[in-house]
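The values are calculated or read from the model by the stated rules, or taken from the named source; none is laboratory data. Note that this is a predicted model, so its numbers are computed, not measured. Here the Cβ is made from the backbone with ideal geometry for all residues, glycine too, and neighbour counts use every protein chain on show. Note: accessible area is taken over every heavy atom of the protein model, side chains too, but ligands, DNA and RNA are not part of it. Shrake-Rupley method; radii C 1.70, N 1.55, O 1.52, S 1.80 Å.
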Amino acid sequence: MGISSVVVVVGLGYIGLPTAAILASNDVKVVGVDVNPNTVAAVNRGDVPFVEPDLATYVAGAVQQGTLRATAAPMPADAFIVAVPTPFKGAHEPDLSYIESAARTLAPCLKGGELVILESTSPPGATAKMANWILEERPDLSLDGEGGRPALHVAHCPERVLPGRVMIELVTNDRIVGGLTPEAAEMAKELYATFCQGEILLTDAVTAEMAKLVENAFRDVNIAFANELSVISDRLGVDVWELVRLANHHPRVNILQPGPGVGGHCIAVDPWFIVDADPEQAHLIRTARQVNDRKPEWVVNRVRDTISELERPVIAALGLAFKADIDDLRESPALEIVTQIAEEFGHARVLAVEPHISELPLRLAEHGNVELTPIDQALSAADVTLILVDHSRFSDFRDDIGNAVNIIDTRGFLTGQAG
Ligand SMILES: NC(=O)c1ccc[n+]([C@@H]2O[C@H](COP(=O)([O-])OP(=O)(O)OC[C@H]3O[C@@H](n4cnc5c(N)ncnc54)[C@H](O)[C@@H]3O)[C@@H](O)[C@H]2O)c1
């Protein structure tokens, strides 16, 4: 990709907008496309519609330099990067409708010779499906030049950046690029090399799709092991954090930390794409998902046991985010637990402590018995203290939390083993 190249990025969310901005700040002309008019307007003002450190500086700079702008519809370009959502639907089946819609929308802009990259986390075969949707719209094009029809170059390049460090990790992480053809992979490598200083590793599209999914399934399976240990240890009267710490002294053992469940929209979602691809054989991966998904219910049961003797219990719930030090509540087990408690224990007062948000999410606000409460007030009023997230801001209150009665510590916060 030369300096005169134009790249269209379809989907300006947590992944697409940083990718657009980093390309644009490396002198590539970038047109961002989004179906949400507020996002388009915000980007054109040089604003960022969500929180991500340093992104605002990149976007504002690129818009001012004229290398980045946003529109509602794609236009002709040398390369297209598709970064739209891939949630699941129904019984954990991947929902590819956003990719299909993006593919059909960009198809009229093609003339042949372009590179089309799918960045969305995708089940095996999704990149080939995207290519087929484009070719359905454009039978005059091909993937290999067959019949003299101009060829499109289609690749998958999954994203593995960590929210909160996206602008750093886009540059430093290694990338996997899988082409439907080797030429497509080479072209995609050239594009990513404009900003990526990590290694760029080439493979085929299905292997690249699976690589992203197995990274998250690996985490999920290992967390499920820790979560299962936590439940067994509780029954046996063993402190699971001490158990894990001791076992990890073995030179080849590294057990992860248990918690209240698994959240976020990657680890809690992506393994299902593998299960869906081979339901008959994905025993371990499915079971791990189920073990992790059952953990919030187990925590609610602990709360039920603890408050059974209390007439009007006051429960301090520390943390709602899906992990420490972020404001992201998506697929958060903490949020699920607090919602279940509010629903099931209508006689309880629930004091939700989440320093990273300024108002309760709707699904909690609609319960009259939940209040967003500063930590000191919650701790002094509570007769049950439920630790759901190990935010570093809670560390200042470690002594007060330790002195509370009826503590349910799902994170090992008080044993100092959290992390
Ligand atoms: N956020 C992460 O940390 C992360 C990390 C790795 C991979 N991913 C993957 O990246 C993909 C995108 O995730 P995200 O977090 O950026 O999602 P997001 O919801 O933040 O952003 C998606 C954007 O796409 C837009 N959009 C939807 N359909 C469109 C269409 N047809 N045309 C144009 N725009 C469209 C939406 O309006 C939205 O702005 C997903 O597959 C996700 O699994 C995300």
- Note on the structure: In the range 111-124, anything in contact with a helix residue (DSSP H, G or I) (Cβ under 8 Å, 6 or more places away or on another chain) and open to solvent by 20 Å² or more (accessible area, probe 1.4 Å) is listed as 121, 124
- Test residue 86 against the stated conditions and say whether it is polar (S, T, N, Q), within 10 Å of the ligand (Cβ to nearest atom) and part of a helix (DSSP H, G or I). no
- Check the range 39-56 and report whether any residue there is in a helix (DSSP H, G or I) and aromatic (Phe, Trp, Tyr). no
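Rundown of residues vs (1) farther than 16 Å from residue 28 by Cβ; (2) among the β-branched types (Val, Ile, Thr); (3) out of contact with any Asp or Glu (no Cβ under 8 Å at 6 or more places or on another chain); (4) surrounded by fewer than 17 Cβ atoms within 10 Å (Cβ to Cβ), yes/no style:
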| position | (1), (2), (3), (4) |
| --- | --- |
| 91 | yes, no, yes, yes |
| 97 | yes, no, yes, yes |
| 102 | yes, no, yes, no |
| 130 | yes, no, no, no |
| 137 | yes, no, yes, yes |
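Residues to consider are 67, 57, 71; find the one that is within 14 Å of the ligand (Cβ to nearest atom) and hydroxyl-bearing (Ser, Thr, Tyr).
Numbers: 67 fails: within 14 Å of the ligand (Cβ to nearest atom); 57 fails: within 14 Å of the ligand (Cβ to nearest atom).
Just one listed residue meets the conditions, 71.
Inside the range 203-246, can you point out the residues that are β-branched (Val, Ile, Thr) and either within 16 Å of the ligand (Cβ to nearest atom) or not in a helix (DSSP H, G or I) (or both)? So that I can check it myself, show each step before the final result.
Just the residues of the range 203-246 that are β-branched (Val, Ile, Thr), to begin with: 203, 206-207, 214, 221, 223, 231-232, 238, 240, 244.
203, 214, 238, listed by residue number.
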- In the range 231-264, which residue that is without any contact (Cβ under 8 Å) to a residue 40 or more places away in the chain and of a type in the set (S, T, N, Q) is surrounded by the fewest Cβ atoms within 10 Å (Cβ to Cβ)? 254
- Message: I need the full set of residues from the range 379-394 which are among the polar types (S, T, N, Q) and open to solvent by less than 50 Å² (accessible area, probe 1.4 Å), in order please.
- Response: 385
- Note on the structure: Result of the Cβ filter at 8 Å on the range 75-99, keeping first residues that are assigned by TED's automatic domain parsing to the domain that holds residue 157 and modelled with pLDDT under 95 and partners that are within 11 Å of the ligand (Cβ to nearest atom) and in a loop (DSSP other than H, G, I, E, B), at least 6 apart or interchain, is 87/95; 87/265; 87/269; 88/95; 88/269; 89/95
- Give the residues of the range 279-297 that are open to solvent by less than 60 Å² (accessible area, probe 1.4 Å) and part of a helix (DSSP H, G or I), sorted by residue number. 285, 288, 289, 291, 292, 295, 296
- Within the range 44-52, can one find any residue that is touching a residue at least 60 places away in the same chain (Cβ under 8 Å) and near the ligand (Cβ under 9 Å from one of its atoms)? no
- Task: Give the number of residues within the range 168-180 that are touching a residue at least 24 places away in the same chain (Cβ under 8 Å), out of contact with any helix residue (DSSP H, G or I) (no Cβ under 6 Å at 6 or more places or on another chain) and open to solvent by less than 40 Å² (accessible area, probe 1.4 Å).
- Result: 2
- Query: If you take just the helices (runs of 4 or more DSSP H) that sit entirely in the range 121-202, which of them hold at least 3 residues that are more than 21 Å from the chain's Cα centre (by Cα) and within 14 Å of the ligand (Cβ to nearest atom)?
  - Reply: 126-137
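Taking the condition crowded, with 21+ Cβ neighbours inside 10 Å, under 30 Å from residue 81 (Cα atoms) and in contact with a His (Cβ under 8 Å, 6 or more places away or on another chain), does residue 217 pass?
Values: crowded, with 21+ Cβ neighbours inside 10 Å: yes; under 30 Å from residue 81 (Cα atoms): yes; in contact with a His (Cβ under 8 Å, 6 or more places away or on another chain): no.
Judged against the criteria, residue 217 is not a match.
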- Query: Do we find a residue being assigned by TED's automatic domain parsing to the domain that holds residue 164, near the ligand (Cβ under 8 Å from one of its atoms), modelled with pLDDT under 95 and in a loop (DSSP other than H, G, I, E, B) anywhere in the range 4-21?
  - Reply: yes
- Query: Which number in (1) surrounded by fewer than 21 Cβ atoms within 10 Å (Cβ to Cβ); (2) touching a helix residue (DSSP H, G or I) at 6+ places or on another chain (Cβ under 8 Å); (3) under 27 Å from residue 364 (Cα atoms) marks the one condition that residue 326 misses?
  - Reply: (2)
- Query: Of all residues in the range 31-65, how many are in contact with an Asp or Glu (Cβ under 8 Å, 6 or more places away or on another chain), at pLDDT 95 or above and surrounded by fewer than 21 Cβ atoms within 10 Å (Cβ to Cβ)?
  - Reply: 3
